[in-house]
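Undergrad: Here it is: the structure, laid out below.
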Amino acid sequence: MDTQLETLHQLARPHRRAVLVVLLWITIAGGIFFGSLNFYRGAYPIAVTEFLMTGYSGYLLYAVRHTRLLERWILAYLLPFLVAMMIALWTPQASATVFGWVLLIPLVSHLLLGRRLGLLISLVFMAIAAVIFLLRNHHDPELMDIRSIANMVVLSICLIAFSHAYEISRERSELQLLQAARTDFLTGLANRAGLTVFFHREQKRALREQQPLALLVIDLDYFKRVNDQFGHEAGDRALVHAAELMQRRLRSTDLLARLGGEEFGAVLVNTTSTTATEVAEELRLAVAAGKLVHESQPIALTMSIGVAQLGVDGDNLQALLSAADERLYLAKDLGRNRVISAPQTGPDTVPVWQARPSIF
């Protein structure tokens with residue numbers, strides 16, 4: 001859940017930054033105009049508040065353009081803006097039409113803060129505005145008429161509901177698009193982009209909790225022969241078949257991804273190179289033993305796998321991919337259908353390659 005929320009925040013930042021910049025320019029222009037107008041009319045408290053908000057917005061306009069702490073600056077703008085609005089509503093010199101600005105609260109809050117915090121801010125400040133309205137106009141029979149109040153309440157509820165529904169729809173759409181961009185269409189597995197995101201997240205966790213993290217690079221042997229002999233439809237079925245067999249033997253905390261063509265990758269959480277080699281061997285045996293039939297003809301599949309471990313073979317994804325790729329090609333050179341892991345070293349041992357040849 002936390003990861004999903006952080007992803008939503010990251011997706012929304014460019015959009016929210018653009019909205020904030022536009023609102024700051026509007027606040028500056030509106031503050032100058034209404035501040036001058038209220039100063040001319042003698043409504044000095046409102047004028048001073050609007051001029052202060054204008055200067056503050058100018059400062060924020062400079063600060064938010066390149067900041068990485070956008071959410072904090074949004075709150076630094078929105079809360080004073082809404083407080084200034086409440087002051088304007090409370091000021092006796094303000095006309096009743098100033099309450100029209102209250103209708104902007106749910107729209108602006110949801111656009112800048114998202115559906116959760118935006119809803120909270122909307123409810124709090126619209127409730128404050130309602131109290132101010134009742135205190136200021138309780139003596140006006142026309143404004144206190146039940147029909148007038150009902151109209152304002154229903155309109156406010158509609159604006160909050162529409163703003164909230166829009167934000168929910170926007171978040172879901174962005175997540176769906178992001179999920180599609182990180183998913184392999186054929187197998188339903190994560191693609192290279194999905195594996196990259198997953199690895200970086202688990203890398204941070206592994207470093208923070210001092211846990212091992214392993215990477216497998218997997219390649220189906222002689223896959224071109226499958227396409228040439230049985231056709232590309234059979235090749236697609238073979239990829240899906242192999243993906244399903246491997247997925248069944250991995251934990252829910254691990255990630256299997258299709259890197260491209262007949263190449264797959266797997267990130268194994270809290271797993272050493274030794275254990276990852278055993279897992280890779282299980283995957284290899286499962287695919288080799290799996291039966292795939294296309295138009296009454298059996299298709300034999302085998303895999304070669306290279307294993308790498310974070311901290312042992314490199315400190316980033318590219319280094320681990322390179323190490324695992326190198327071992328994968330060594331497995332190919334040694335006859336395919338085998339697993340090659342990192343060299344095992346110790347104080348009294350000579351490095352050796354762990355190579356597990358086929359038993360078939």
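Undergrad: With an 8 Å Cα cut-off and a minimum separation of 6 or more residues, compute the relative contact order for the chain in percent.
TA: It comes to 11 percent, rounded to a whole number.
Undergrad: How big is the equivalent ellipsoid of the range 1-114 along its three axes, where each semi-axis is √(5λ) from the Cα gyration tensor, reported in whole Å from largest to smallest?
TA: Gyration-tensor ellipsoid for the range 1-114: 30, 15, 10 Å.
Undergrad: Taking 1 over the mean of 1/r across every pair of different Cα atoms in the chain, what Kirkwood radius in Å do you get?
TA: Its Kirkwood hydrodynamic radius stands at 25.2 Å.
Undergrad: I've got another one for you. Where in the chain is the longest stretch that carries no GluC sites (Glu not before Pro) classed as loop by DSSP and with at most 11 other Cβ atoms within 10 Å?
TA: Maximal segment without exposed cleavage sites: 143-294.
Undergrad: How high is the relative contact order of the range 32-125, given as a whole-number percent (alpha carbon pairs under 8 Å, six or more residues apart)?
TA: Contact order relative to length: 20 percent.
Undergrad: Given springs between every Cα pair under 10 Å in a Gaussian network model of the chain, which of LEU213, LEU143, LEU239 has the largest fluctuation?
TA: Looking only at LEU213, LEU143, LEU239, the biggest GNM fluctuation is shown by LEU143.
Undergrad: Of HIS139, VAL339, THR272, which is farthest towards the positive pole of the chain's charge dipole, taken about the Cα centre with +1 and -1 on the beta-carbons of Lys, Arg and Asp, Glu respectively?
TA: The listed residue farthest towards the positive side: HIS139.
Undergrad: Quickly rank 13-19, 307-313 as a protection proxy: mean count of other C-beta atoms within 10 Å, highest first.
TA: Result, highest mean Cβ count within 10 Å first: 307-313, 13-19.
Undergrad: Moving on to the next point. Which whole-Hz couplings ³J(HN,Hα) result when phi for each residue of the range 163-175 is put into the Karplus expression 6.51 cos²θ - 1.76 cosθ + 1.60, θ = phi - 60°, listed in order with x for Gly and Pro?
TA: Result, rounded to whole Hz: 5, 5, 5, 4, 5, 4, 4, 5, 4, 5, 4, 5, 5.
Undergrad: Given Cα positions, please report Rg to Rh for the range 192-356, the hydrodynamic radius being the Kirkwood one.
TA: Looking at the range 192-356, the ratio lands at 0.99.
Undergrad: A further question follows. Could you derive backbone 3J(HN,Hα) for the range 69-82 from the dihedral phi with the Karplus parameters 6.51, -1.76 and 1.60 (θ = phi - 60°), listing whole Hz in sequence and x where the residue is Gly or Pro?
TA: Here the 3J(HN,Hα) series is 9, 4, 4, 5, 5, 4, 5, 5, 8, 5, 5, x, 4, 6 Hz.
Undergrad: Taking LYS332 as the anchor, which lysines have their alpha carbon closer than 24 Å to its alpha carbon, excluding any fewer than eight residues away along the same chain?
TA: Within the straight-line cut-off, LYS332 pairs with LYS224, LYS291.
Undergrad: Specify the residue with the greatest mean-square fluctuation among MET144, MET86, MET246, computed from a Gaussian network of the chain linking alpha-carbon atoms under 10 Å apart.
TA: Per the Cα network of the chain with a 10 Å cutoff, MET144 tops the list.
Undergrad: If you don't mind, there's one more thing I want to ask. Once the dipole of the range 77-168 is set up with Lys and Arg at +1 and Asp and Glu at -1 on Cβ about the Cα centre, which of GLY114, MET86, SER148 lies farthest towards its positive end?
TA: GLY114
Undergrad: Nothing charged except the Cβ atoms of Lys and Arg (+1) and of Asp and Glu (-1): what's the magnitude of the dipole of the range 192-356 about its Cα centre? Round to the nearest 20 debye.
TA: So the dipole magnitude of the range 192-356 works out to roughly 280 debye.
Undergrad: Another question, if that's okay. What dipole magnitude, in Debye to the nearest 20, does the chain give about its Cα centre under +1 on Lys/Arg Cβ and -1 on Asp/Glu Cβ?
TA: For the chain, the charge dipole is close to 580 debye.
Undergrad: Of all DSSP beta bridges located in the chain, what percent are antiparallel, nearest 5?
TA: Antiparallel bridges: around 90 percent, rounded to the nearest 5.
Undergrad: Using only the Cα atoms, work out Rg/Rh for the range 44-83, with Rh taken as the Kirkwood radius, to two decimals.
TA: Checking Rg against Rh, the ratio lands at 1.04.
Undergrad: If the only charges are +1 at each Lys and Arg Cβ and -1 at each Asp and Glu Cβ, what is the size of the charge dipole of the range 53-140 around the Cα centre, to the nearest 20 debye?
TA: Roughly 340 debye for the range 53-140.
Undergrad: When the chain is fully extended, how far beyond the present Cα-Cα distance does HIS232 get from TRP73, taking 0.36 nm per residue of separation?
TA: Full extension of this stretch gives 51.9 nm more.
Undergrad: At 222 nm, what value in deg cm²/dmol follows for the chain if DSSP H runs of at least 4 each add -39500 (n - 2.57) and the sum is divided by all its residues, to the nearest 500?
TA: -22000 deg cm²/dmol
Undergrad: While we're here: Please list the non-local residues whose amide H lies under 5 Å from the amide H of LEU292, H modeled 1.01 Å from N, same-chain partners needing a gap of 5 or more.
TA: ILE299
A short reminder: the numbers here are calculations on the coordinates, not readings from a lab. In this text, all values refer to a predicted model and were calculated from it rather than measured experimentally. Cβ sites come from the backbone with ideal geometry, for glycine too, and all protein chains shown count toward neighbours.
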